[in-house]
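Structure first, then comments.
The values are calculated or read from the model by the stated rules, or taken from the named source; none is laboratory data. Since this is a predicted model, take the numbers as computed values, not measurements. Backbone-built Cβ (ideal geometry, glycine too); neighbour counts: all protein chains shown.
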Amino acid sequence: MRRGLIARSPDELPDGVLDARLERVHAAMNAASLDALILYTNNTRPAGVSWLTAFVPYWSEALLLVPRQGAPVLVVALTYRVKTWIERTSRVADVIHTPRIGLEAGRRVAAVKADAAVGVVELDMLSAGIAGDLAEGGPRLAITDASDVFAQVRAQPDAAEIALAKKAASIAHLALSRICRDGDDLGSMLGAAEAAARRQGAEEIYLAAAPDLDHDLRLRRIEGAVARGPSFAVRASVAYKGSWVRLTRTLHPDDAAARRAIDAFAGAVAQLPDARALAAFPSWLIEGCRLTQPLDAVMGSRATPPAAPLPRLVSVQARIDIDGTPVLIGAPVLLGVLGQPARLLAPPVFD
C-alpha cells in the first residue's frame, strides 16, 4: 500500500501529454488489428496504467480498458466512495466499480463487438480468476497477449516522463544527503532520509542499506540501531507522480577511491546500450519500465535480457572494486539514440 500523497499535477503531466500517449497506443493497436487493449494494475504493477492515465493505486487492483478509438475506461475493485478521488487524480472516460473487474471488462468489450480481438498486456501474469471472468464476460472474444505491442510504445519516454524522473532523482538525492559518515546511528539517518523525501512529495520511498561493505554487500531493510563499518552504502528507490528511480550512495573513507568509482561508472554508462563496459564490473543491473512493473530488470550480470526493446529511461546499479575495496553505485540514466552516448539524469552520490 502506498503511504505518500498521490495527487495529479496538470503542470507536470498535462492532458496533452496523456492524449499523445493514447494516440501512440491507438496507432499500435490499429497496426496489430486489436479492437481493445487491457492493462492490469495494482500497487506493485502500476506503471502501465499510470503512464496512460496518471492513475496510481494506493491498494487493490483494476483493469484499464482501452478501445481502438476513444478514451480508456478504468474498472476498479474499489468502493464507490473513492470515485471522485480517482477522477480527480487520473484522466479516463469513466470509472466503473465492481468486485469482478474481469467480468465487467469482458462484458463491456463484448457489448461493442462480440468477437473482438482483445490484447492483454502480460496475459501470462493475469490471475486465473480475472482471466476466467474476462472469458465469461465475453465468451467469443479472441484474447491474446499484447505485451510486445505495448512495450514498443512504452520504451520511448517523452519530455514529461524525463522531467518526472529528474524530479524523482532530485528527491532521492536529497534523501541520501541525510546519510553521512559522522551522523547519528544509521536507523535514525534512514528515518530522516525518508521524512525528507516525503516532504518533497514522494509517493513512495524504499530505503535499503549495506551497513558494512567489508563484510556484507547485500542491501537490505534496516530496523532499529545498526552498527556501521568504515564503508557502507544506502540505496533509495523513489516514486514521484508514477515515475520510479533508484540512487545508491556509498560512504567511503577514501575520497580518491570514491572519485575513481564515479569516473568508472560514468564512463561505462556513457557506452550504453552497449553493456560491455559494465560487464567489467563484478556485478551490475539495469532496470526500467517495459510494461507494468516500474523497475523491471532488463539487463544485468545475473539477469536474463527480456525481449526488445530496451527502455530508454533506466536506473543503473553496479558494484565497482577499487584497489580491492567494494563500492556500490547507482543512478538513473537516459539511453542515447542514433549513436549518441547515454547520460546520467542525476550524478551518483558519494561522501
Go through (1) closer than 30 Å to D216 by Cβ; (2) among the basic types (K, R); (3) crowded, with 16+ Cβ neighbours inside 10 Å and name the single condition R302 misses.
(3)
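Of all the helices (runs of 4 or more DSSP H) wholly in segment 144-237, which have at least 3 residues that are over 30 Å from A28 (Cβ atoms)? Walk me through it before giving the result.
On the way: elements: 147-154, 159-176, 186-199.
Result: 159-176, 186-199.
Going by the conditions given, is V76 crowded, with 22+ Cβ neighbours inside 10 Å, of a type outside the set (S, T, N, Q) and touching a residue at least 40 places away in the same chain (Cβ under 8 Å)? Walk me through it before giving the result.
Working: crowded, with 22+ Cβ neighbours inside 10 Å: yes; of a type outside the set (S, T, N, Q): yes; touching a residue at least 40 places away in the same chain (Cβ under 8 Å): no.
Against the criterion (crowded, with 22+ Cβ neighbours inside 10 Å, of a type outside the set (S, T, N, Q) and touching a residue at least 40 places away in the same chain (Cβ under 8 Å)), V76 does not qualify.
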With the condition kept exactly as written, say whether any residue in segment 40-49 is surrounded by 14 or more Cβ atoms within 10 Å (Cβ to Cβ) and more than 21 Å from L123 (Cβ to Cβ).
no
Going through segment 107-128 in order, the residues found to be assigned to a helix (DSSP H, G or I), more than 25 Å from R154 (Cβ to Cβ) and among the charged types (D, E, K, R) are R107
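Would you point out which residue out of G132, G102 is in contact with a helix residue (DSSP H, G or I) (Cβ under 8 Å, 6 or more places away or on another chain), buried (at least 19 other Cβ atoms within 10 Å of the Cβ) and of a type in the set (G, A, S)? Step through it out loud before you land on a result.
Working: G132 fails: buried (at least 19 other Cβ atoms within 10 Å of the Cβ).
Answer to the check: G102.
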Candidates A165, A146, filtered to the one that is over 19 Å from the mean Cα position of the chain (by Cα) and at pLDDT 95 or above
A146
Across (1) surrounded by fewer than 22 Cβ atoms within 10 Å (Cβ to Cβ); (2) touching a Gly at 6+ places or on another chain (Cβ under 9 Å); (3) closer than 30 Å to T89 by Cβ; (4) among the charged types (D, E, K, R), R246 clears everything bar (1)
Among the candidates A318, A258, which residue alone is in contact with a strand residue (DSSP E or B) (Cβ under 6 Å, 6 or more places away or on another chain) and at pLDDT 95 or above?
A318
